[in-house]
Amino acid sequence: MSRTSRTTLRRSRTALIAAGALVAAAAGSAAAVAPFGASAAAAAGCTVDYKIQNQWNGGLTASVSVKNLGDAISGWQLQWSFAGGEKVSQGWNATVSQSGAAVTAKDAGYNATLATGSSATFGFNATGNGNSTVPATFKLNGVTCDGGTTGPTDPPDPTDPPAGEQADNPYQGAKVYVNPEWSANAAAEPGGSRISNQPTGVWLDRIAAIEGANGGMGLRDHLDEALTQKGSGELVVQLVIYNLPGRDCAALASNGELGPTEIGRYKSEYIDPIAAILADAKYAGLRIVTTVEIDSLPNLVTNAGGRPTATPACDVMKANGNYVKGVGYALNKLGDAPNVYNYIDAGHHGWIGWDDNFGASADIFHEAATAEGATVNDVHGFITNTANYSALKEENFSIDDAVNGTSVRQSKWVDWNRYTDELSFAQAFRNELVSVGFNSDIGMLIDTSRNGWGGANRPSGPGASTNVDTYVNGGRYDRRIHLGNWCNQSGAGLGERPQAAPEAGIDAYVWMKPPGESDGSSKAIPNNEGKGFDRMCDPTYTGNARNNNNMSGALADAPVSGKWFSAQFQELMKNAYPAL
């Protein structure tokens, strides 16, 4: 799978044409990454005509024309800094944003292409004191507009993509960040040192986590530690972006701090601060992978709008559009940094593998990826099975099997799903996503942190052919009572260890959910994180429509979600597949 054909297009809004050029510090800006690829960088150069058309004591109107003197570009952003305290209030023919004194104007899509010698013109209004002057310096895609051009550079190291472009697969040829907090918890467990050096996701599940909640490491702490771990090679840092308004509308265990209507706080207090940190030039050499808002968008398909499994909370989120708006805003803002790789959470095969859910989910992902200024170019791929238990490969039966003339799809376990495991689902869903408008070389991640299902209960072959149910139930690796069970599952084990490019279309197997961190409490536990008690985490619960009224299969004595759960960690190690 190659992204070479579209990398420049996709990242063009922040592509840095001159190797090593520094983009001005602004919302949605970042330093150039190290030179990455096999081809020479393009020639670059520009001039800017900045005119203050009207100015008064309190504001101004300005017109800006930027002319490209270098090679043609298919996307642009112009950056400058105000010297007099001006604040942009409105823009046209470009998306104009501001952080402190620094201003970024990005193309409006229809004017993204600038051939050699062509210009784009936009304007804005700003507040001011009546004494605004023309900014001293402008940069187009990181190159200072001084009327000259930079010539093509010599080809850099052929193992990496060109400067300003993303790696085809961020995991390829890179180490992955080991979270020292998770590692310490794992190492403190008997036998835990066998896996304590594995990379796991860093969960930013509330505003306080950005700076470091309850004395823990904040985002900058993790990124600083990542720089130490990086050394002279490449390193991926995995972040989970997880704080939507009305979060987890179909469950309670991971309810968040923001109410259904608090989209403004989500943007200004959560996404914007994260984006500003990721844009820091200090971290430009890290490959930052984001898992964007797990358990959100598929809920609008399966748990809202009159479905039998609908909840009032999901109906609210579908009606107010804040899941779609929030995800779009996150993709747009986080995607501005050229070293950020956004992967949208795509549920799992036991959630959206049915015909009614499959295409509808792809459609709503596309809707979110084109909302709030985002485009499909902000999406590097998708991740499935995040924090879930679906088996990677079911090798003892396939979706095409039949027993005595009855299709496997008619078994109680498969229940007319099109997919029996996560790998086949992820590969097929990737094709569906491309068909609805995502770029043709998106990659998939699969969370294998808890889907190993090894140990003494792992079947060694197909089940008895008495009927389709004995055949499937006797041979399936996934030993859950029902595919809808998701909380602290008894009998689960560690899955495939994190690895890059394991299968066609799959960028990596990852441990995005840190093994040993609870999915939710098995009884109500007061907490200050907004996390509720969901009966699906109660081992005595007899179920609901989403798990066909089966027992929950959850472990007893679990803490609230995200807290260390020693008994689960031990069970995951015991049932690991491949075995430890």
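Cβ-Cβ distances below 6 Å connect the following pairs, each with a first residue in the stretch 534-550 that is part of a helix (DSSP H, G or I), a second residue that is open to solvent by 50 Å² or more (accessible area, probe 1.4 Å) and not small (Gly, Ala, Ser), and a separation of six or more residues or different chains: 545/308. Of the residues 134, 143, the single one that is closer than 21 Å to residue 46 by Cα, open to solvent by less than 30 Å² (accessible area, probe 1.4 Å) and out of contact with any Lys or Arg (no Cβ under 8 Å at 6 or more places or on another chain) is 143.
Screening residue 363 on (1) out of contact with any helix residue (DSSP H, G or I) (no Cβ under 7 Å at 6 or more places or on another chain); (2) closer than 19 Å to residue 245 by Cβ; (3) open to solvent by 10 Å² or more (accessible area, probe 1.4 Å); (4) modelled with pLDDT of 95 or more shows it passes everything except condition (2). Residue 467 meets all of the listed conditions (1) in contact (Cβ under 8 Å) with a residue 40 or more places away in the chain; (2) open to solvent by less than 40 Å² (accessible area, probe 1.4 Å); (3) of a type in the set (S, T, N, Q) but one, namely (2).
So in the stretch 485-524, with the set limited to residues that are hydroxyl-bearing (Ser, Thr, Tyr) and in contact with a strand residue (DSSP E or B) (Cβ under 9 Å, 6 or more places away or on another chain), which one is most open to solvent (accessible area, probe 1.4 Å)?
First pass over the stretch 485-524, keeping only residues hydroxyl-bearing (Ser, Thr, Tyr): 490, 509, 518, 521-522.
Those left that are additionally in contact with a strand residue (DSSP E or B) (Cβ under 9 Å, 6 or more places away or on another chain): 490, 509, 518, 522.
Details: 490: 61, 509: 10, 518: 0, 522: 15 Å².
Filtering first and then ranking leaves 490.
Residue 527 satisfies every condition listed in (1) in a loop (DSSP other than H, G, I, E, B); (2) open to solvent by less than 30 Å² (accessible area, probe 1.4 Å) except (2). Kindly establish whether residue 401 is open to solvent by less than 10 Å² (accessible area, probe 1.4 Å), out of contact with any His (no Cβ under 8 Å at 6 or more places or on another chain) and not β-branched (Val, Ile, Thr). Against the criterion (open to solvent by less than 10 Å² (accessible area, probe 1.4 Å), out of contact with any His (no Cβ under 8 Å at 6 or more places or on another chain) and not β-branched (Val, Ile, Thr)), residue 401 does not qualify.
In the stretch 101-120, how many are closer than 14 Å to residue 74 by Cβ and without any contact (Cβ under 8 Å) to a residue 40 or more places away in the chain?
3
Note on the stretch 331-350: residues that are aromatic (Phe, Trp, Tyr) and at pLDDT below 95 amount to 0. Taking each residue of the stretch 489-515 that is touching a residue at least 40 places away in the same chain (Cβ under 8 Å) and looking for partners that are among the β-branched types (Val, Ile, Thr) and outside any strand (DSSP E or B) with beta-carbon atoms closer than 6 Å, six or more apart or interchain, yields 495/448; 496/448; 509/448; 511/200; 512/386; 514/200.
Only one of these is at pLDDT 90 or above and either in contact with an Asp or Glu (Cβ under 6 Å, 6 or more places away or on another chain) or part of a loop (DSSP other than H, G, I, E, B) (or both): 126, 112, 120, 136. Name it. Full working, then the answer.
Working: 112 fails: at pLDDT 90 or above; 120 fails: either in contact with an Asp or Glu (Cβ under 6 Å, 6 or more places away or on another chain) or part of a loop (DSSP other than H, G, I, E, B) (or both); 136 fails: at pLDDT 90 or above.
Of 126, 112, 120, 136, the one residue that is at pLDDT 90 or above and either in contact with an Asp or Glu (Cβ under 6 Å, 6 or more places away or on another chain) or part of a loop (DSSP other than H, G, I, E, B) (or both) is 126.
Being touching a strand residue (DSSP E or B) at 6+ places or on another chain (Cβ under 7 Å) and either open to solvent by 10 Å² or more (accessible area, probe 1.4 Å) or aliphatic (A, V, I, L, M) (or both) is the filter; apply it to the stretch 338-360 and report the residue that is nearest to residue 272 (Cα to Cα). Per the criteria, the residue is 340.
The values are calculated or read from the model by the stated rules, or taken from the named source; none is laboratory data. Not measured: the values here are computed from a predicted model. Glycine gets a Cβ as well: all are built from the backbone with ideal geometry, and neighbour counts include every protein chain shown. Accessible surface areas use protein heavy atoms only, side chains included; no ligands, DNA or RNA. Shrake-Rupley method; radii C 1.70, N 1.55, O 1.52, S 1.80 Å.
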